[in-house]
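Read the structure below first, then the notes.
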Amino acid sequence: MVQPSEPEFEQAYNELLLTLESSTLFEKKPKLKKALPVVSIPERVIQFRVVWQDDAGNLQVNRGYRVQFNSALGPYKGGLRFHPTVNLSILKFLGYEQIFKNALTGLAMGGGKGGADFDPKGKSDNEIRKFCEAFMRELSRHIGPDTDVPAGDIGVGGREIGYLFGAYRRYRNAFEGVLTGKGISWGGSLIRPEATGYGLIYYVEQMIEYVNPGDSMTGKTVAISGSGNVAQFAALKVIELGGKVVSLSDSKGAFVLASAESEGFTPAEISQIADIKLLHHDLSDAAFQRGKFKYIEGARPWTHVGAVDIALPCATQNEVSGDEAAALVAAGCKFVAEGSNMGSTMEAIDMFESARVNAPGGTWYAPGKAANCGGVAVSGLEMAQNSARVGWTREEVDAKLKHIMMTCFLNCVNTAIEYSSEKTDGLPSLVKGANIAGFVKVAEAMLDQGDFY
């Protein structure tokens with residue numbers, strides 16, 4: 001199941017294992033314990049070379065991957081990541097998380113992940129197009145609307161999805177819903193670019209309402225990491241709902257408010273960040289109002305933002321350490337919800353969970369597989385629209401997204417309460433609720449289909 005050289009996958013596996021074994025699930029449903037070693041090995045792993053030519057005429061070669069992890073609930077579904085750090089361990093971790101995340105949406109989707117160790121930064125449009133065509137030349141053999149429907153991820157945005165879809169259409173002579181995140185005029189869904197960020201905030205709204213009925217995002221101070229798609233739209237939704245965004249970051253450093261009294265990020269400033277990121281430039285290139293922000297090179301925002309109500313990791317895996325989690329708890333942060341996948345280390349999760357159990361009104365943590373499932377949920381809605389050859393309005397898709405996030409939250413809460421072994425009257429564990437709810441749905445489908453017995 002877990003190889004010594006796969007630390008990211010091992011972390012994801014151990015987190016799920018710990019959650020399941022510390023609950024009453026296997027006491028109440030002992031047969032499902034047999035599913036764990038089966039579900040933890042991918043149904044199929046595809047690895048291939050991608051040979052392409054750069055603008056200087058030089059031959060280049062990269063590694064391409066697709067991890068088709070589990071199809072018990074529907075076609076494999078999960079993003080493609082183009083980044084030099086991509087390896088099999090990272091893709092297995094992402095695909096593993098994707099199985100249970102997709103299950104939490106309530107839609108008919110299995111779990112998978114793929115990508116390549118290709119770095120789009122500094123590449124011309126022509127080079128990216130050539131790479132996408134070379135990548136899809138092999139991938140097109142293994143995907144299809146009823147088999148495997150990839151989407152975008154880090155390094156794969158609308159431009160790359162367009163090149164990949166065009167290559168698939170030419171190779172297979174078929175116009176079909178084989179990728180999500182497509183352009184609106186050729187099969188895409190409204191709200192898809194915003195979905196992960198918006199869905200994250202809809203989930204946090206449910207957390208706030210559960211803790212204090214009638215309360216809302218209005219007046220809340222929110223620290224956000226990252227500056228990509230998820231962070232941008234989460235920030236815009238926070239601002240729309242009356243909250244104050246005090247930080248954004250990238251891999252090189254973080255912008256935080258210079259003073260607690262300063263106005264938070266504005267939509268215009270976030271639009272400027274979006275333009276910078278579209279060009280694959282660094283966040284530090286932003287020309288913000290002098291004195292409003294301070295840029296901290298090489299830092300993440302968590303220990304520099306001071307007192308905040310909400311923290312939203314939206315950058316990458318393991319971006320909140322145990323010490324940073326302790327700083328957030330000490331600063332009075334009440335809600336932490338991951339827009340990134342496995343954004344917190346095990347030490348950080350332990351810190352948040354300890355604060356939830358031991359402190360009245362302590363920090364309440366929501367893992368990425370629940371809090372950020374809005375993106376794949378709208379991908380699933382895009383698949384549904386493609387299958388019916390229809391397009392829904394922005395309002396229709398947004399209403400469905402909000403309903404999915406509310407249902408996901410209630411599922412996590414109710415499952416945590418049902419299977420909890422904790423002796424506390426405090427807040428239920430959303431980590432346990434998300435892991436158990438997703439696992440049970442997948443395991444029961446696998447049992448019915450004879451994947452284990």
Note to self: Quick check on segment 228-319: what are the equivalent-ellipsoid semi-axes from the Cα gyration tensor, as sqrt(5λ), descending, whole Å?
What the structure shows: 17, 15, 15
Check: What accessible area per residue, rounded to a whole number of Å², is obtained for the chain using a probe radius of 1.4 Å?
Finding: 40
Check: Taking the DSSP beta bridges in the chain as the whole, what percent of them are antiparallel, to the nearest 5?
Finding: 60
Next item on the list: Using Cα pairs closer than 8 Å and at least 6 residues apart in sequence, work out the relative contact order for the chain, in percent.
Entry: 17
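Can you figure out the FRET efficiency of M346 with E240, using R₀ = 51 Å and their beta-carbon distance, to the nearest 0.05?
0.90
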Item checked: Q272 versus L410: modelled label distance in nm, points set 7 Å from Cα along the beta carbon direction -> 4.3
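Order 171-177, 205-211 from most to least packed using the mean count of other Cβ atoms within 10 Å.
Answer by packing, highest mean first, reads 205-211, 171-177.
According to the Kirkwood expression over distinct Cα-Cα pairs, how big is the hydrodynamic radius of segment 161-200, in Å?
Result for segment 161-200 stands at 11.0 Å.
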Checklist line | Cross-link reach list, lysines versus K423, counting only Cα pairs under 30 Å and skipping chain neighbours closer than eight places | finding: K28, K29, K31, K33, K34, K101, K334, K369, K432, K441
Next item on the list: Return the carbon/sulfur percentage of the accessible area of the chain, one whole number, probe 1.4 Å, all protein chains in place.
Entry: 51
Margin query: Exceeding 29 Å between C-alpha atoms, which entries from my cross-link table qualify? They are K77/K244; K77/K237; K121/K244.
Written below: K77/K244; K121/K244
Checklist line | Share of Cα-Cα pairs in the chain lying beyond 28 Å, as whole percent | finding: 48
Next item on the list: Per DSSP H run of n ≥ 4, the term is -39500 (n - 2.57); total these for the chain, divide by its residue number, and report the mean residue ellipticity at 222 nm rounded to 500 deg cm²/dmol.
Entry: -14000 deg cm²/dmol
Notebook entry, point to check: With the Cα gyration tensor of segment 286-428 giving a ≥ b ≥ c as the square roots of its eigenvalues, does the rule (a/c under 1.5 for rounded; else a/b larger than b/c for prolate; else oblate) give rounded, prolate or oblate?
Noted result: oblate
Item checked: Protection proxy ranking, peptides 55-66, 32-43, average beta carbon neighbours within 10 Å, highest first -> 32-43, 55-66
Next item on the list: Would you work out which of Q68, V320, S340 lies farthest towards the positive end of the dipole of the chain, given +1 charges on the beta-carbon of Lys and Arg and -1 on that of Asp and Glu, about the Cα centre?
Entry: Q68
Next item on the list: Could you work out the local net charge near L283, counting Lys and Arg as +1, Asp and Glu as -1, over the other residues with Cβ closer than 14 Å to its Cβ?
Entry: -1
Item checked: Coil-residue trypsin sites (Lys or Arg not before Pro) of segment 260-314, DSSP, other Cβ within 10 Å capped at 15 -> R290
Notebook entry, point to check: Mind checking which helices in the chain clear 18 Å along their axis (Cα) and have mean Kyte-Doolittle hydropathy of 0.5 or more, DSSP H runs only?
Noted result: 88-105, 430-448
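The values are calculated or read from the model by the stated rules, or taken from the named source; none is laboratory data. Values in this document were obtained by computation on a predicted structure and should not be read as measured data. Note that each Cβ is placed from the backbone with ideal geometry, even for glycine, and that neighbours are counted across all protein chains shown. Note: accessible area is taken over every heavy atom of the protein model, side chains too, but ligands, DNA and RNA are not part of it. Shrake-Rupley method; radii C 1.70, N 1.55, O 1.52, S 1.80 Å.
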